[in-house]
């Protein structure tokens, strides 16, 4: 009898510990909560917003607008992850695109992959759409400038402490002349402490 009661208590304790292993709390998408010290969604958004704001305030913009006679057309190229951790550069590219489009200061053309999908649709229209509604080939808008760059990282660690440094470099290239119209840089530094060293 005593053994049965002890077994029941043990099973109940194990069940309670198993149920209490995971806790989920929903957060507002705009709320900042840095848990690991790694590059996160807030870093991506803030770096994109600040760098695009700086880019569009520089002399190249007024010069391009004057030469072209309208807002310049921009495309975002490749942003390389040259850090030691996994960074979803696709999310950062989307943040850059959003900041450019929402600025109202540039025209924006689709990425290489998106253009390929649209071209396939136009080819399908040639076969299946009426003459009045099909879209002609060779009418695309070419970009005047391409934005590309890289995210770099330096980690200085000792024991359970680390300083994590990120540097994002972006360049805006003139598509016609290959001249660098703008060269931007944004730095982030985080001091992180952990109970156990895992750097």
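The values are calculated or read from the model by the stated rules, or taken from the named source; none is laboratory data. For clarity, every value in this text was computed on a predicted model and none was experimentally measured. Every residue, glycine as well, gets a Cβ built from its backbone with ideal geometry; the counts of neighbours run over all protein chains shown.
With the requirement that a residue be assigned to a helix (DSSP H, G or I) and either under 21 Å from the mean Cα position of the chain (by Cα) or at positive phi (or both), what does region 106-129 give you? Walk me through it before giving the result.
Filtering region 106-129 down to residues assigned to a helix (DSSP H, G or I) leaves 112-128.
Those that are assigned to a helix (DSSP H, G or I) and either under 21 Å from the mean Cα position of the chain (by Cα) or at positive phi (or both): 112, 113, 114, 115.
Mind checking which residues of region 174-183 are buried (at least 18 other Cβ atoms within 10 Å of the Cβ) and over 19 Å from residue 92 (Cα atoms)? Reasoning before the result, please.
Filtering region 174-183 for residues buried (at least 18 other Cβ atoms within 10 Å of the Cβ) gives 181-182.
Matches in region 174-183: 181 only.
Please give the number of the condition residue 65 fails out of (1) exposed (fewer than 14 other Cβ atoms within 10 Å of the Cβ); (2) within 19 Å of residue 177 (Cα to Cα).
The one condition residue 65 does not meet is (1).
Can you spot a residue in region 182-193 that is more than 24 Å from residue 79 (Cα to Cα) and modelled with pLDDT under 90?
Residues of region 182-193 more than 24 Å from residue 79 (Cα to Cα): 191-193.
Still in the running and modelled with pLDDT under 90: 192-193.
Checked against the condition, which is being more than 24 Å from residue 79 (Cα to Cα) and modelled with pLDDT under 90, region 182-193 yields at least one hit.
For region 32-58, which residues satisfy the criterion of being in contact with a strand residue (DSSP E or B) (Cβ under 9 Å, 6 or more places away or on another chain) and either free of Cβ contacts under 8 Å to residues at least 12 places away in the same chain or not in a helix (DSSP H, G or I) (or both)?
Across region 32-58, the qualifying residues are 34, 36, 37, 38, 39, 46, 58.
Only one of 90, 94 is at pLDDT 90 or above, surrounded by 14 or more Cβ atoms within 10 Å (Cβ to Cβ) and closer than 16 Å to residue 148 by Cα. Can you tell me which? Steps first, answer last, please.
Values: 90 fails: surrounded by 14 or more Cβ atoms within 10 Å (Cβ to Cβ).
After ruling out the rest, the residue left standing is 94.
Mind listing just one residue for me: the one in region 190-199 that is part of a strand (DSSP E or B) and surrounded by 11 or more Cβ atoms within 10 Å (Cβ to Cβ) and, of those, nearest to the chain's Cα centre (by Cα)? Don't jump to the end; show me each part of the working.
Narrowing region 190-199 to residues part of a strand (DSSP E or B): 190-193.
Narrowing the set further to residues that are surrounded by 11 or more Cβ atoms within 10 Å (Cβ to Cβ) leaves 190, 192.
Details: 190: 19, 192: 22 Å.
Only one residue tops the list, namely 190.
Within region 135-168, which residues are touching a residue at least 60 places away in the same chain (Cβ under 8 Å), within 30 Å of residue 65 (Cα to Cα) and surrounded by 13 or more Cβ atoms within 10 Å (Cβ to Cβ)?
Taking region 135-168 and keeping what is touching a residue at least 60 places away in the same chain (Cβ under 8 Å), we get 141-153, 155, 162, 164, 166, 168.
From what is left, the residues that are within 30 Å of residue 65 (Cα to Cα) are 141-151, 168.
Across region 135-168, the qualifying residues are 143, 144, 145, 146, 147, 148, 149, 150, 151, 168.
Given the criteria free of Cβ contacts under 8 Å to residues at least 40 places away in the same chain and in a loop (DSSP other than H, G, I, E, B), does residue 132 qualify? It would help to see each step written out before you state the result.
Numbers: free of Cβ contacts under 8 Å to residues at least 40 places away in the same chain: yes; in a loop (DSSP other than H, G, I, E, B): yes.
For residue 132, the condition - free of Cβ contacts under 8 Å to residues at least 40 places away in the same chain and in a loop (DSSP other than H, G, I, E, B) - is met.
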